[in-house]
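These notes are about the structure you will find just below.
Taken together, the values in this text are just the output of simple stated rules run on the coordinates, not laboratory data. What you see is a predicted model; the values in this text were computed from it and never measured. Quick reminder, even Gly has a Cβ in these numbers, built from the backbone with ideal geometry, and neighbours come from all protein chains shown.
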Amino acid sequence: MLQRGSTVASGVGHDEAMKLLELTLPTAAENVALDQALLDAAEEGGFADDVLRLWEPAGPMVVVGRSSRVQDEVDLAACNAAGVPVLRRASGGAAIVSGPGCLMYAVVLRYAEREHLRLLDELHRHVLGTLAKAAGTLIGGVEYLGTSDLAIAGRKFSGNSVRCKRSHFLYHGTLLYGFDLSLIGRLLRMPPRQPDYRAGRKHVDFVINLPVAGGALRGAMAAAFGAEQSLPDWPRDLTERLAAARYLREAWNYER
């Protein structure tokens, strides 16, 4: 079992019946909406299997947590000047910057036969253990630090957050491998809440890219989660409705 502060030497077992969805939609709003749509569809019985989604934005985007105060975490003037969209996701955590060179992932898992995952510490260890296994096949020294970070030599390359519902949960986040790290300092303020291991470091001194190729990282993720078969379809209509009702609306994205 992966513990905070531990270096990963071996991974966790595969989740059964995991399906793979490698899909990046045209807009930031659609991409953020699809993560929620996968969770909502699973809750409504739309999927019999667990799902791993992998995607990568074509351009920079900022995504804040469900309870984030946008003005506290994001430099809106810089985002507006650069034409970078700011969206609010349904899960918790702080603001992130994504774009080319940042592999985004989302897993939707059922609680059935995994009731221990209703405890958040167990949930974090379960999913982060699988992420760490994936990265660990490509590079050594992967550590689980903070609440839900993965790092190498104390520098973060993966931030993650969770949204729990009645029968399923969504766990999603970032894996930096070829990202323009300067964007983080340009578009985000220093976060109001910081893990102890950050020690007040500026963004550029705190984050790091994995020295791996994007294709290799995608393959390692699919293998670690046991996602060998493609998801035959995805919730198109629900994604469109969620984007229109939430992620395309300033009332949602800037509500705090």
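Subtract the Cα-Cα distance of Y111 and L23 from 0.36 nm times their separation in residues, and report this length gain in nm to one decimal.
Separation in residues times 0.36 nm, less the Cα-Cα distance, equals 29.2 nm.
Packing-wise, with mean Cβ within 10 Å as the measure, how do 118-128, 166-176, 83-93 rank, highest first?
In descending order of packing, they fall as 166-176, 83-93, 118-128.
How far apart, in nanometres, would the label points at R249 and E228 be if each is projected 7 angstrom from Cα along the Cα-to-Cβ direction?
4.4
Based on alpha-carbon centroids, what's the gap between segment 114-153 and segment 55-70 in Å, whole number please?
That distance is 21 Å.
Using a Cα distance threshold of under 27 Å, what count of lysine pairs results for the chain when pairs must be 8 or more residues apart or interchain?
Going through the chain pair by pair, I get 5.
If each of S182 and E44 carries a label point 7 Å out from its Cα toward its Cβ, how far apart are those two points in nm?
4.5
Looking only at G101, G219, G146, which one moves most when the chain is put into a Gaussian network model with springs between Cα atoms under 10 Å?
G219
Mind putting a number on the dipole of segment 30-147 about its Cα centre? Charges go on the C-beta only, +1 for Lys and Arg and -1 for Asp and Glu, and I need it in Debye to the nearest 20. Please report the intermediate quantities before stating the final value.
On the way: 10 positive and 16 negative charges, 37 e Å.
About 180 debye.
Can you show me the helix-derived [θ] at 222 nm for the chain, built from DSSP H runs with n ≥ 4 at -39,500 (n - 2.57) apiece and divided by the number of residues, rounded to the nearest 500.
Theoretical 222 nm ellipticity from helices: -8500 deg cm²/dmol.
Per residue of segment 185-201, in order, report the coupling 6.51 cos²θ - 1.76 cosθ + 1.60 (Karplus, θ = phi - 60°) as ³J(HN,Hα) in whole Hz, putting x for Gly and Pro.
Result, rounded to whole Hz: x, 6, 9, 10, 7, 5, x, x, 10, 10, x, 4, 5, 5, 6, x, 5.
By how many nm would the segment from R201 to R118 grow when fully extended, if each residue of separation counts as 0.36 nm and the alpha-carbon distance is taken off?
26.6 nm
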